[in-house]
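A short write-up of the structure that comes next.
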Amino acid sequence: MKAAVRIHTRLALRGNIPTFIDISAGKLPAVNILDQLLPKAGEFDIMNRAYLDFERRHHRHRHGRFVVLRAKKNTNLRRRYSNPVNRAG
């Protein structure tokens, strides 16, 4: 018999005390935890390769969050546009 536990934690950068902890069975989809975490501006979401739900990620981006994602090897991304960069500043 195999069993798994999944732990999702939100840490505040200004301290070392978790502001959110969720413990769930390993069989439940991990991406669903994003629906329970209310987006707060200026925070970072650091996610593993499994979080490729771009609609959820874009929703969090619109609320001022930063998303850091470790992509899968077979992820096929294309740049759709670029913005000019002022390298003097």
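The values are calculated or read from the model by the stated rules, or taken from the named source; none is laboratory data. For clarity, every value in this text was computed on a predicted model and none was experimentally measured. A quick note on method: Cβ atoms are made from the backbone with ideal geometry, for glycine too, and the neighbour counts reach across all protein chains shown. Protein only, heavy atoms only, side chains kept; ligands, DNA and RNA dropped before computing areas. Shrake-Rupley method; radii C 1.70, N 1.55, O 1.52, S 1.80 Å.
Restricting the range 45-66 to residues that are at pLDDT 75 or above and in contact with a strand residue (DSSP E or B) (Cβ under 7 Å, 6 or more places away or on another chain) leaves a set whose member that is surrounded by the fewest Cβ atoms within 10 Å (Cβ to Cβ) is 66. Please verify whether the range 67-77 includes one or more residues that are among the β-branched types (Val, Ile, Thr), exposed (fewer than 10 other Cβ atoms within 10 Å of the Cβ) and not in a loop (DSSP other than H, G, I, E, B). Looking through the range 67-77, at least one residue is among the β-branched types (Val, Ile, Thr), exposed (fewer than 10 other Cβ atoms within 10 Å of the Cβ) and not in a loop (DSSP other than H, G, I, E, B). For the range 1-33, filtered to residues that are among the aliphatic types (A, V, I, L, M) and part of a loop (DSSP other than H, G, I, E, B), the residue that is most open to solvent (accessible area, probe 1.4 Å) is 1.
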